[in-house]
1. Can you give the accessible area of L29 in Å² (nearest 10), computed on protein heavy atoms with a 1.4 Å probe?
2. For the ranges 31-40, 17-26, what's the packing order if you count other beta-carbon atoms within 10 Å of each residue, average per peptide, and put the highest first?
Amino acid sequence: MDQLSNFFGAMPSWVGVVLLVVFILSGRLFRDAWKLQGARWKLRCWVIGLLALSSFLLLVFGVFDFGWASR
């Protein structure tokens, strides 16, 4: 468990920006897949929803190194 916390413990701040963009885009893709309901729409909604959930959880529970906090 300590190795897992060390892995997520020192994420650079730019990773937070990337996660935010992934969260926004996956939310948009989820909404479009839900509205169109084409072929395999349930599978696409699950995959995109899990991507959005994982990026959201990393944003909320992740620890970001902003650099200025250590000065």
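The values are calculated or read from the model by the stated rules, or taken from the named source; none is laboratory data. From a predicted model like this one, the values you see are computed outputs, not experimental measurements. When we count neighbours, we look across all protein chains shown, and the Cβ atoms used for this are built from the backbone with ideal geometry, even at glycine. Keep in mind that these areas ignore ligands, DNA and RNA; they rest on the heavy atoms of the full protein, side chains included. Shrake-Rupley method; radii C 1.70, N 1.55, O 1.52, S 1.80 Å.
1. 100
2. Values: 31-40: 11.6, 17-26: 14.8.
Sorting 31-40, 17-26 by mean packing, highest first, produces 17-26, 31-40.
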